[in-house]
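The values are calculated or read from the model by the stated rules, or taken from the named source; none is laboratory data. Nothing here was measured: the structure is a model prediction, and the numbers come from that model. Cβ placement follows ideal geometry from the backbone for every residue including glycine, while neighbour counts extend to all protein chains displayed.
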Protein chains: 2
Amino acid sequence: MQAEIIAVGSELLTPDRLDTNSLFLTQRLNHLGIAVVRKTIVGDQHDQVRDAFQRALERAELVISTGGLGPTLDDLTREAVAELLGRKVMINEAVLHHIEARFRRLGRTMPEVNKRQAMMLEGADLLENSRGTAPGQWIEAAGRILVLLPGPPHELQAMFAEKVEPRLERLAGATRLFYRELRTAGLTESEVEERIAPIYAPYSDVQTTILTAPGEIQIHLRIWSDDPASAERLLEELVGRITFALGENVFTANGQALEEIVARELTLHQATIATAESCTGGLLAERLTRIPGSSSYFLGGVVCYSNNLKIAWTDVSPALLEAKGAVSPEVAQALAEGIRRRTGATLGIGITGVAGPGGGSPDKPVGLVHIGLADAAGSRERGLRFPGDRERIRWHASQTALDMVRRYFLYARQEKTARPGGVQG
Amino acid sequence: MQAEIIAVGSELLTPDRLDTNSLFLTQRLNHLGIAVVRKTIVGDQHDQVRDAFQRALERAELVISTGGLGPTLDDLTREAVAELLGRKVMINEAVLHHIEARFRRLGRTMPEVNKRQAMMLEGADLLENSRGTAPGQWIEAAGRILVLLPGPPHELQAMFAEKVEPRLERLAGATRLFYRELRTAGLTESEVEERIAPIYAPYSDVQTTILTAPGEIQIHLRIWSDDPASAERLLEELVGRITFALGENVFTANGQALEEIVARELTLHQATIATAESCTGGLLAERLTRIPGSSSYFLGGVVCYSNNLKIAWTDVSPALLEAKGAVSPEVAQALAEGIRRRTGATLGIGITGVAGPGGGSPDKPVGLVHIGLADAAGSRERGLRFPGDRERIRWHASQTALDMVRRYFLYARQEKTARPGGVQG
């Protein structure tokens with residue numbers, strides 16, 4: 001089965017807003033084995049809306065629309081579709097009572113305009129809205145299915161899960177989408193592409209998409225199949241070959257964020273961590289604490305912008321700051337060692353660099369970042385120069401710091417296997 | 001003049017990717033006085049692409065497409081449009097040499113497939129690509145203008161600015177878009193809507209959009225006009241009336257972020273700030289340091305998850321933690337006072353709360369956050385319960401903290417005006 005999505009709303013034709021509802025719908029439809037073959041975005045004009053539905057119904061078995069079910073005169077999806085299908089719209093008394101009751105519960109009288117939201121097309125099935133006032137409508141016409149959903153994401157998502165999915169499940173065929181998402185750190189997009197293009201190219205049934213973010217390349221693999229066992233086998237095989245080619249740079253095959261992987265490693269090793277950040281300004285601590293339950297491994301962190309606070313909070317020696325400068329390998333290591341000692345954490349991380357746009361020099365240009373990692377045995381350091389603006393440089397630095405922690409545990413494991421003598425810093 | 005945008009690419013019909021190029025194009029087109037009336041997104045299928053162009057050319061004077069100009073067989077925008085218009089495609093020797101030269105500069109031989117990128121439609125004007133290999137094409141047919149642009153954003157943006165904008169500028173009328181973006185903190189969407197709907201409704205020429213984020217409501221005002229002076233006057237008048245209705249809750253009329261406003265206030269007052277965060281995990285420090293030059297007002301911050309570190313880093317008394325619990329008004333104030341004292345900052349902020357999903361209790365449920373603000377004269381506190389998940393709760397808390405700092409300076413100014421005696425904490 002193939003579907004088209006129509007998003008109705010003039011605000012979606014401004015430079016400020018994207019139709020993000022279609023991402024949710026596409027994901028859920030794909031899981032039902034339904035492919036989305038076109039998306040159309042139109043404004044709140046009767047003729048545009050009518051035309052969009054007309055064309056979509058000429059092409060697709062299933063048309064799902066979002067938006068235009070509100071109470072105002074701008075909300076004209078109902079009327080445009082009714083006109084197109086030659087059906088009447090009528091007030092549905094049960095819906096009207098539901099809307100009135102909703103307003104009463106909030107201690108308010110229903111404004112007259114909201115009556116519009118109780119208007120249903122002749123022959124349409126009501127899709128109740130558990131999160132708001134506007135009901136959805138399920139319409140069957142000339143062998144096509146037309147589903148009108150409200151625009152607010154939380155209303156739409158609840159309605160789709162509760163009312164639409166069970167119906168589509170019964171109609172959809174046996175074909176389903178199978179999916180893997182690999183993520184890598186430490187490689188550029190072209191390095192990834194070069195290494196894996198010869199691998200995935202022969203898998204013509206698998207749709208491969210490569211996405212990039214600072215310090216992270218994602219590889220999305222999708223396959224449509226009515227044979228789950230062989231689809232999973234094919235994906236596993238491809239994941240295995242790609243992982244072999246990219247090695248330890250791959251940190252997940254299930255779309256997990258790098259901070260989730262680091263959280264898992266810390267938990268697994270019953271290790272704790274503390275951070276001392278300068279140019280990233282707290283971003284590393286913020287990412288480490290995004291994970292629920294992070295208090296079990298994250299002890300704390302400091303953001304020490306000034307040299308005085310570097311000295312006061314992590315015992316970096318004034319002489320070292322004077323001799324090497326705040327942005328230096330030595331200070332990165334001293335920050336890591338100092339915060340580790342102060343907090344008693346298993347690992348300490350120190351970050352110092354020039355995030356820009358100002359503050360760069362020929363010696364220490366914008367984008368230069370030093371990252372220190374300390375454990376009980378000592379510390380090591382990585383110096384990198386990141387491209388892009390302040391935001392990208394900061395993100396890339398936090399990503400690299402997290403990846404150093406991930407690799408720390410990776411090598412620890414490898415060394416343990418190779419040489420039972422233990423881990424050296 | 002009205003335009004439609006067609007985005008070509010199967011990856012844009014997956015749950016992972018949105019067509020973001022259209023935001024850039026819409027903004028630039030709007031500034032030229034060209035409205036975008038429809039967006040269509042199709043996959044890499046010949047018939048779908050052809051149909052999308054056919055329909056768009058039936059409706060709009062200007063059709064701009066993105067994507068499908070790459071070297072592989074999947075890239076079929078050129079062929080689909082040529083077939084639709086009944087024109088031949090031919091290798092353009094100059095373009096071919098340009099592509100070959102580009103590969104040579106990178107020390108590589110041009111792969112045979114890249115020849116496809118030198119294919120131009122009969123009668124098309126070449127739009128040179130200063131950032132990549134695929135040129136764009138400008139095609140005029142039956143009174144319509146068709147512009148084919150490459151998909152990679154940096155290539156498309158450069159090409160649009162260098163080659164397309166100057167041509168459209170000559171064609172576009174005198175109508176232009178005029179724009180204001182108000183942002184508020186401290187009000188809900190329905191409070192904003194209720195107060196301003198009666199104000200903006202009579203301004204039928206102004207398109208008003210209300211967008212929401214945790215702790216922030218944005219009001220976007222746009223007007224199309226060929227008379228800049230009266231458009232600006234109208235917007236100023238509407239901004240004035242809305243600002244009067246929403247009062248000090250409005251923090252910008254120019255779309256600035258709250259952290260930018262706080263940075264400006266701190267700089268203006270030659271004040272400094274330091275943070276002690278628990279549940280926000282560094283997010284407040286991270287937001288304060290997003291702004292270039294933040295080292296002039298941000299001294300530093302601590303993320304003290306554990307009670308031990310709250311005591312060690314901000315001198316919160318163990319007895320207070322014992323008596324009131326870590327999530328309490330008193331501890332929020334003690335964190336703010338402690339970090340201020342330790343760093344010597346003008347202002348100290350302390351945040352403690354339950355970000356969830358675990359850790360809640362009937363007394364102190366998930367979403368409860370206490371925020372303390374300290375100055376030389378003492379400290380105050382706000383306790384709020386934020387809805388949503390961990391990410392939303394943390395963001396909302398950081399937003400509220402920033403807003404407390406903004407209002408601190410606002411009231412300081414008001415008091416100074418009213419009573420020259422100075423500011424009380």
Only strands (runs of 3 or more DSSP E) wholly contained in segment B:1-70 count here; list those with 1 or more residues that are at pLDDT 95 or above and either surrounded by fewer than 19 Cβ atoms within 10 Å (Cβ to Cβ) or within 10 Å of chain A (Cβ to nearest Cβ) (or both). B:2-8, B:35-42
Among the numbered criteria (1) modelled with pLDDT under 90; (2) in a helix (DSSP H, G or I), which single criterion is violated by B:Thr212? (2)
Over segment A:240-258, the set of residues assigned to a loop (DSSP other than H, G, I, E, B) and either more than 13 Å from every other protein chain (Cβ to nearest Cβ) or under 26 Å from A:Leu368 (Cα atoms) (or both) is A:Ala253, A:Gln256, A:Ala257
Pairs under 6 Å by beta carbon, first residue over 18 Å from B:Leu235 (Cβ atoms) in segment B:203-217, partner among the acidic types (Asp, Glu) and modelled with pLDDT under 85, six or more apart or different chains? B:Thr212/B:Glu189; B:Ile217/B:Glu189
Could you check segment A:221-239 and list, in sequence order, the residues that are touching a Leu at 6+ places or on another chain (Cβ under 7 Å) and either within 14 Å of chain B (Cβ to nearest Cβ) or at pLDDT below 95 (or both)? A:Leu221, A:Arg222, A:Ile223, A:Trp224
Restricting the search to segment A:229-254, which residues are over 17 Å from A:Thr188 (Cα atoms) and in contact with a Lys or Arg (Cβ under 7 Å, 6 or more places away or on another chain)? A:Leu235, A:Val239, A:Ala253
Selection status of B:Leu268, of a type in the set (A, V, I, L, M), out of contact with any Phe, Trp or Tyr (no Cβ under 7 Å at 6 or more places or on another chain) and surrounded by fewer than 17 Cβ atoms within 10 Å (Cβ to Cβ): yes
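Step by step: first the residues of segment A:300-355, then only those that are among the hydroxyl-bearing types (Ser, Thr, Tyr) and farther than 15 Å from A:Ser278 by Cα, then the one that is nearest to the other protein chains (Cβ to nearest Cβ). Which residue is that? If you could, list the steps in order and put the result at the bottom.
Keep residues of segment A:300-355 that are among the hydroxyl-bearing types (Ser, Thr, Tyr), which gives A:305-306, A:314, A:317, A:328, A:343, A:346, A:352.
Subset that is farther than 15 Å from A:Ser278 by Cα: A:317, A:343, A:346.
On the way: A:Ser317: 18, A:Thr343: 7, A:Thr346: 14 Å.
So, considering only residues that are among the hydroxyl-bearing types (Ser, Thr, Tyr) and farther than 15 Å from A:Ser278 by Cα, the one nearest to the other protein chains (Cβ to nearest Cβ) is A:Thr343.
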Looking at (1) modelled with pLDDT of 90 or more; (2) within 23 Å of the chain's Cα centre (by Cα), find the lone condition where A:Arg176 falls short. (1)
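In segment B:348-383, which residue that is of a type in the set (A, V, I, L, M, F, W, C) and over 22 Å from A:Ser295 (Cα atoms) is surrounded by the most Cβ atoms within 10 Å (Cβ to Cβ)?
Taking segment B:348-383 first, the residues of a type in the set (A, V, I, L, M, F, W, C) are B:349, B:351, B:354-355, B:366, B:368-369, B:371, B:373-374, B:376-377.
Keeping just the survivors that are over 22 Å from A:Ser295 (Cα atoms) gives B:373-374, B:376-377.
On the way: B:Leu373: 25, B:Ala374: 28, B:Ala376: 9, B:Ala377: 9.
Checked segment B:348-383; the qualifying residue surrounded by the most Cβ atoms within 10 Å (Cβ to Cβ) is B:Ala374.
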Whether any residue in segment A:375-393 is under 20 Å from A:Ala263 (Cβ atoms), at pLDDT 95 or above and not in a helix (DSSP H, G or I) is what I want to check. yes
Residue check, A:Glu112 surrounded by fewer than 21 Cβ atoms within 10 Å (Cβ to Cβ), among the acidic types (Asp, Glu), away from chain B (no Cβ under 14 Å) and touching a helix residue (DSSP H, G or I) at 6+ places or on another chain (Cβ under 7 Å): no
Could you please let me know if A:Ile261 is closer than 30 Å to A:Ser190 by Cβ and either more than 12 Å from every other protein chain (Cβ to nearest Cβ) or in a helix (DSSP H, G or I) (or both)? yes
Counting only residues that are loosely packed, with under 15 Cβ neighbours inside 10 Å and in a strand (DSSP E or B), segment A:126-176 contains a total of 1
Please go through segment B:295-336 and give me each residue that is at pLDDT 95 or above and aromatic (Phe, Trp, Tyr), ordered by number. B:Tyr297, B:Phe298, B:Trp313
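Quick check on my filter: what residues within segment A:264-305 are in a loop (DSSP other than H, G, I, E, B) and among the small types (Gly, Ala, Ser)?
The answer is A:Ala271, A:Ser278, A:Gly281, A:Gly282, A:Gly293.
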Residue check, B:Leu84 surrounded by 20 or more Cβ atoms within 10 Å (Cβ to Cβ), at pLDDT 95 or above and either part of a helix (DSSP H, G or I) or touching a helix residue (DSSP H, G or I) at 6+ places or on another chain (Cβ under 8 Å) (or both): no
In the set A:Ala332, A:Ala323, which member is in a helix (DSSP H, G or I) and touching a Gly at 6+ places or on another chain (Cβ under 7 Å)? A:Ala332
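Is it the case that segment B:271-290 has a residue that's free of Cβ contacts under 8 Å to residues at least 12 places away in the same chain and either within 11 Å of chain A (Cβ to nearest Cβ) or surrounded by fewer than 17 Cβ atoms within 10 Å (Cβ to Cβ) (or both)? First the steps, then the outcome.
Restricting attention to segment B:271-290, the residues satisfying the condition of being free of Cβ contacts under 8 Å to residues at least 12 places away in the same chain are B:286, B:289.
Keeping just the survivors that are either within 11 Å of chain A (Cβ to nearest Cβ) or surrounded by fewer than 17 Cβ atoms within 10 Å (Cβ to Cβ) (or both) gives B:286, B:289.
The answer is yes, given that some residue of segment B:271-290 is free of Cβ contacts under 8 Å to residues at least 12 places away in the same chain and either within 11 Å of chain A (Cβ to nearest Cβ) or surrounded by fewer than 17 Cβ atoms within 10 Å (Cβ to Cβ) (or both).
Do you know which of the residues in segment A:226-246 that are out of contact with any strand residue (DSSP E or B) (no Cβ under 9 Å at 6 or more places or on another chain) and either small (Gly, Ala, Ser) or in contact (Cβ under 8 Å) with a residue 12 or more places away in the chain (or both) is nearest to A:Ile196 (Cα to Cα)?
Step one: list which residues in segment A:226-246 are out of contact with any strand residue (DSSP E or B) (no Cβ under 9 Å at 6 or more places or on another chain), which gives A:227, A:229-230, A:233, A:237, A:240-241, A:244-245.
Imposing the further condition that a residue be either small (Gly, Ala, Ser) or in contact (Cβ under 8 Å) with a residue 12 or more places away in the chain (or both) reduces the set to A:229-230, A:240-241, A:245.
Numbers: A:Ala229: 24, A:Ser230: 22, A:Gly240: 12, A:Arg241: 9, A:Ala245: 7 Å.
So the residue we want is A:Ala245.
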